[in-house]
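Student: Sending over a structure as structure tokens; questions will come in a sec.
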Amino acid sequence: MTATRPRPLVAGNWKMNGLIKGVNELDAIATGVAAGEAGSAEVLVCPPFTLVSRFSAEAAGQHIKIGAQDCHAEASGAHTGDISAEMLKDAGASYVIVGHSERRTDHAETDAQVKAKAEAALRAHLVAIVCIGETRNERESGKTLDVVGTQLAGSLPAGATGANTVIAYEPVWAIGTGLTPTAADVKQVHDFIRAGLVERLGDEGHNVRILYGGSVKPANCVELMGVDNVDGALVGGASLKAADFLGIAAAYR
Ligand code: PEP
């Protein structure tokens, strides 16, 4: 990491977990952040849709941001059960994750759909966290960079800047499995993503944060966050407990 790197981001993806009582965990995270436990990192919690408004109200005035885990590509209309980026903004969110591998797998989301969602996020003045990453088969057959390059090219929103877009590299085989790539493997992919961003965005590509995600824990975060071109973490399971999540953010203390 160089002195010119953007402010790191440690983001928690609660997935389909959390009830209103989970606000206690959010408070504990915010208290830790206020006490300096996250150091220089920006801290974000992305609860399920049902908690975005409640958590945003709780986080108001605290040094913690709230985001969502998906949005529709359109602002409004006949899309039963869907939520638009405008609605998320209205509910207090400042970020939205798009293209998480669980959405790509469970809902067959394509790069073009992910791109359209990211562009909807930008229109609504949300920061889009665009997820990309290879499956185990793709890695084992030597296709990691091809897959990541194709997903980046297909999912990056038009008008991406460091202020409105974050890329999350999440190897699918590392999500929720306890497995992680080696630091050298992470460096190879993050350097490749950085080069792809600079190719598309010019110098602005240096300002887009690239998060690593996949089984990040307090025990491995210092090594992973210390890799060149790793500008933070997208954390699933370990973000549900304030102590673990703050233990990860502490890599930036
Ligand atoms: C995720 O779902 O984005 C994720 C990284 O999950 P986990 O940290 O549990 O592997």
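The values are calculated or read from the model by the stated rules, or taken from the named source; none is laboratory data. Note that this is a predicted model, so its numbers are computed, not measured. We place every Cβ from the backbone using ideal geometry, glycine too, and count neighbours over all the protein chains shown. Surface areas here come from the heavy atoms of the whole protein model, side chains and all, with no ligands, DNA or RNA. Shrake-Rupley method; radii C 1.70, N 1.55, O 1.52, S 1.80 Å.
Student: Report the residue count in region 168-212 for those that are assigned to a loop (DSSP other than H, G, I, E, B), open to solvent by less than 20 Å² (accessible area, probe 1.4 Å) and within 16 Å of the ligand (Cβ to nearest atom).
Tutor: So the count comes out to 3.
Student: Only one of 22, 81 is over 30 Å from residue 191 (Cβ atoms), assigned to a loop (DSSP other than H, G, I, E, B), out of contact with any Asp or Glu (no Cβ under 8 Å at 6 or more places or on another chain) and not polar (S, T, N, Q); which?
Tutor: 81
Student: Can I ask one more? Could you check, for region 99-118, whether at least one of its residues is free of Cβ contacts under 8 Å to residues at least 60 places away in the same chain, surrounded by fewer than 19 Cβ atoms within 10 Å (Cβ to Cβ) and within 15 Å of the chain's Cα centre (by Cα)?
Tutor: yes
Student: Considering only residues that are under 15 Å from residue 197 (Cβ atoms) and either within 12 Å of the ligand (Cβ to nearest atom) or aliphatic (A, V, I, L, M) (or both), which ones fall in region 213-231?
Tutor: Within region 213-231, 230 is the sole residue that qualifies.
Student: What are the residues in region 139-155 that are free of Cβ contacts under 8 Å to residues at least 12 places away in the same chain and either in a helix (DSSP H, G or I) or in contact with a Pro (Cβ under 8 Å, 6 or more places away or on another chain) (or both), if any?
Tutor: Residues satisfying the conditions are 140, 146.
Student: Then there is this: Quick one: which residue in 137, 164 is open to solvent by 10 Å² or more (accessible area, probe 1.4 Å) and either within 15 Å of the ligand (Cβ to nearest atom) or closer than 26 Å to residue 47 by Cα (or both)?
Tutor: Exactly one residue qualifies, and that residue is 164.
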